[in-house]
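Notes follow the structure.
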Amino acid sequence: MSPLSYSESEFRDPVHGFIVVSPWERQIIDHPVFQRLRRIRQLAWTDMVYPGAHHTRFEHSLGVMHVATRFYDSVVRRYRDFFLAELGYNDAGLERDRTVVRLAALLHDVGHSPYSHAGEEVMPVNPDSGKRYKHEAYSAALIRGPLRGVIEEHPLNENTHVTAAEVAGLLEGNPETGRTLFWKDLISGQLDADRADYLLRDSYHSGVNYGKYDLDRLAVTLAVQPDPESGTPTLAVEHGGWHAAEGLILARYMMFTQVYFHHTRRAFDLHYEQALSKLLHEENGDGCFPPPTSEKNLDDYLQWSDWKVNGLLAAGRGGLHGDAIRRRDHYRCAFQTGEVPGEDELNLARNIYDAFKSAGLEFSDDEATASWYKFAPGKDILIVGENGGSPAPLSKLSSAVRGLMTVRQVRLYVAPKDRVRAREIVREARETEEE
Amino acid sequence: MRVSIKFPWNRTALIGQLARSCEKEGYFGRTALMKILYFLQEFGGVDLGYDFSLYNYGPFDSEVLSDLDTAKVFSAVKVSVRHSGGYQIEPGEELERAEGFAAAFLTENGTAIDKIVGDLRGKSAKELELLATIHFVWRDQSERPDDISVDKIIERVASLKPEFPEPRIQSAIKDLLDLGYIEH
């Protein structure tokens, strides 16, 4: 391609219509690291419940870039004076940050493991933090590593000199990001483009309506407002858009309870985690993925996609849990608490857990807060005051949001062969509790 | 057991206790809660399990707000919205009960909690945000020991929080050095 030519590309997307990318972005999208996202299912094994949910991280990543740009352009267009006067931007600086935000949004998920978040439990432990690496760490490493050249060396970067480190830094919240860190909320925050896209996309492909909300209204009512406690400039929503923000929160709640935390979907997450650990043991002698700490490790990690896992499962690997997936003979939910369990319900859950263990049942447990999508209501989304009045958190305006609570539901699953015995134990435990 | 089937008393009780300790100094809001919990974990070594990430408003973990929600539901705290739009967090009717369930945790971490609360209560939300940002930057910088200097930290923080003039940042760094939260 001649460096003097400029030809945009368009992707036809079922959620957003046309998604337009520059030749620079197109080259990044064509890179094998990004193309691998075509082989990573967005919703893991949710198709076991909603058969249409086969969409991938590839189109979701394009969607996030598209939405992040809509949000960015809307905020900058209407609050340009603020950015110039208070944060020291000029037009070139705003244009540059737009590029960084687009690339960060596009690449935020390149580090996902096969079947997306379902693989997070077999990430290795970071010795510095004592916690498992998350896919974001792999994304940052891939951006700084194999994607660095295609980010930094395109002719269209001659004027802006955007670096791979900046793009990764925005995703990580790296202090070296400087004032560009203001935009991190667009990628990972209460009003982020990631959530804004996946709610609509997951709803569409699952065939449900729960994830629908007014994205158009939300985009044109995004605002910048001083935080009422600290005065720090914060992304907010204009008063006229608070119902759109409310709709987003309600969509999150409905999608969480009906799709992301669906009891059968979570059963398959449990099976997949065990099967994947076994596959990793067999393939590399370890029960987890290699850490994102070297070029070789990243190369090995990139070999893993849904295709590889599917091939191994189809060959009969993955042990009993792989078998459960192949035959769709999954663990069944034997007991669950309410969505916001109190002390008594949690005690009952523990008693049943102990009883299952004593009875030698084959079982597992799960909790809503263990899900990557865990639902916490965005009660504190800031809404600009009406007619110059004081701002307020969304929960003050919306009785619906005010009534929502963090979902902490607990479930106990048993193998199909133990269902009858489990049912008896649960009944006995409930009767004992009532006495 | 894969997950912890127990009520999160430790965090709930701690949040309520912070509300009680800090309310005497004026109102205790969401920002103060977030930043004090940050210091408790990242400086005080209290095992809270949060994963703080840096934003332009300082270190933040949305799970803190979930825990605040839970603490409110179980009356360990009361949460209201001030006229200015900020939060006011006060001790709740069931705080003592929560503290009872979390007694071992609170005792084990009592020294750290007392020190950090004693050092930080009464500071404004804006101040706490600046202090927490400086600490985060310093900690990040200290992973490159040859590259750490007060000037560099001032430069980094100034670019992250342009609303603060450099002398103010320098003064806040001195505060943290004097308190022992960071060191040269």
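The values are calculated or read from the model by the stated rules, or taken from the named source; none is laboratory data. Note that this is a predicted model, so its numbers are computed, not measured. Glycine also receives a Cβ, built like all others from the backbone with ideal geometry; neighbour counts cover every protein chain displayed. Heavy atoms of the whole protein, side chains included, go into the accessibility calculation; ligands, DNA and RNA do not. Shrake-Rupley method; radii C 1.70, N 1.55, O 1.52, S 1.80 Å.
R0 = 45 Å: FRET efficiency of A:Glu424 with A:Asp216, Cβ-based, nearest 0.05?
Once rounded, the FRET efficiency stands at 0.25.
State the Cα centre-to-centre distance between segment A:321-355 and segment A:12-34 in whole Å.
41 Å
Which residue, A:Phe289, A:Phe261, A:Phe363, has the most motion in a Gaussian network model of chain A that connects Cα atoms within less than 10 Å?
A:Phe363
I'd like the distance separating the alpha-carbon centroids of segment B:1-43 and segment A:147-173, in whole Å.
If you average the Cα positions of each part, the centres end up 39 Å apart.
Spin-label point model (7 Å from Cα, Cβ direction): what's the A:Ser294 to B:Arg82 distance in nm?
Result: 5.3 nm between the two label points.
What ranking of A:Trp307, B:Trp9, A:Trp372 comes out by heavy-atom accessible area, probe 1.4 Å, highest first?
A:Trp307, A:Trp372, B:Trp9
For chain A, what does -39500 (n - 2.57) per DSSP helix run (n ≥ 4), summed and divided by total residues, give at 222 nm, in deg cm²/dmol to the nearest 500?
It lands at -14500 deg cm²/dmol.
Mind checking which helices in chain A clear 27 Å along their axis (Cα) and have mean Kyte-Doolittle hydropathy of -0.5 or more, DSSP H runs only?
Length and hydropathy pass: A:57-85.
How compact is segment B:100-184 by the rule of thumb for globular proteins, expressed as Cα Rg over 2.2 N^0.38 Å?
Compactness ratio reported: 1.26.
Which one, B:Thr111, B:Thr12, B:Thr133, has the greatest fluctuation when you compute a Gaussian network model over chain B with C-alpha springs under 10 angstrom?
The residue with the greatest mean-square fluctuation here is B:Thr111.
Probe radius 1.4 Å, ligands and nucleic acids left out: which of A:Lys134, B:Lys24, B:Lys6 has the largest accessible area, and how do the rest follow?
Result, largest first: B:Lys24, B:Lys6, A:Lys134.
Determine the distance separating the Cα centre of segment A:71-109 from the Cα centre of segment B:77-103; give it in Å without decimals.
What the calculation gives is 38 Å, centre to centre.
In degrees from 0 to 90, rounded to the nearest 10, what is the angle of the helix B:30-42 Cα long axis to the longest principal axis of chain B?
80 degrees
Helix-derived [θ] at 222 nm for chain B: sum -39500 (n - 2.57) over DSSP H runs of at least 4, divide by residue count, nearest 500?
After summing the helix terms and dividing by the residues of chain B, the value is -17500 deg cm²/dmol.
Determine the shielding of peptide B:47-59 by partner chains: average, over its residues, the number of Cβ atoms on other chains within 10 angstrom of each Cβ.
5
Quote the charge dipole size of chain B about the Cα centre in Debye, to the nearest 20; the model charges only the Cβ of Lys and Arg (+1) and of Asp and Glu (-1).
460 debye
How big is the dipole moment of the protein assembly as shown about its Cα centre under a simple scheme where the beta carbon of each Lys and Arg is +1, that of each Asp and Glu is -1, and everything else is neutral? Debye, nearest 20, please.
1320 debye
Out of the DSSP beta bridges found with both residues in the protein assembly as shown, what percent are antiparallel (nearest 5)? It would help to have the intermediate numbers written out before the result.
On the way: 31 of 32 bridges.
Taking every DSSP beta bridge within the protein assembly as shown, about 95 percent pair in antiparallel fashion.
List residues of segment A:167-182, by number, whose backbone nitrogen lies under 19 Å from a label position 7 Å along Cα→C-beta of A:Asp128.
A:167-178
Given a Förster distance of 60 angstrom, what is the FRET efficiency for A:Ala359 paired with A:Ser7, based on the Cβ-Cβ distance and rounded to 0.05?
Efficiency computed from Cβ-Cβ geometry: 0.35.
What are the aspartates and glutamates whose alpha-carbon lies under 16 Å from the alpha-carbon of A:Lys308, with same-chain residues fewer than 8 places away excluded?
Result set, ordered by chain and number: A:Glu273, A:Glu282, A:Glu283, A:Asp299, A:Asp300.
Which residue, A:Thr46, B:Val150, A:Leu248, has the largest displacement toward the positive end of the dipole of the protein assembly as shown when charges sit on each Cβ (Lys, Arg +1; Asp, Glu -1)?
The listed residue farthest towards the positive side: A:Thr46.
If the elastic network links every pair of Cα atoms under 10 Å, which of A:Ala118, A:Ala223, A:Ala415 fluctuates the most in the Gaussian network model of chain A?
Per the Cα network of chain A with a 10 Å cutoff, A:Ala415 tops the list.
Could you pull out every one of the aspartates and glutamates with an alpha carbon less than 13 Å from that of B:Lys126, ignoring same-chain neighbours closer than 8 positions?
Here the aspartates and glutamates satisfying the reach criterion relative to B:Lys126 are A:Asp227, A:Glu229, B:Glu163.
Which of rounded, prolate, oblate describes chain A, given a ≥ b ≥ c as roots of the alpha-carbon gyration tensor eigenvalues and a/c under 1.5 marking rounded, otherwise prolate only if a/b is larger than b/c?
It is oblate, given that a/c is not under 1.5 and a/b is not larger than b/c.
How much accessible surface area, in Å² rounded to 10, belongs to the heavy atoms of A:Asp380 with a 1.4 Å probe?
20 Å²
Specify whether the C-alpha gyration tensor of segment B:8-95 places it in the rounded, prolate or oblate class, a ≥ b ≥ c being the square roots of the eigenvalues: rounded for a/c under 1.5, otherwise prolate if a/b is larger than b/c and oblate if not. Could you put the intermediate results ahead of the total?
Values: a/c = 1.61, a/b = 1.21, b/c = 1.33.
Because a/c hits 1.5 or more and a/b fails to exceed b/c, segment B:8-95 counts as oblate.
For the pairs B:Lys35/B:Lys161; A:Lys379/B:Lys35; A:Lys184/A:Lys296; B:Lys115/B:Lys174; A:Lys184/B:Lys161; A:Lys357/A:Lys417, note any where the Cα-Cα span goes beyond 21 Å.
The answer is A:Lys184/A:Lys296.
Heavy atoms only, probe 1.4 angstrom, no DNA, RNA or ligands counted: give me B:Lys78, A:Lys131 ranked by accessible area, highest first.
From most exposed to least exposed: B:Lys78, A:Lys131.
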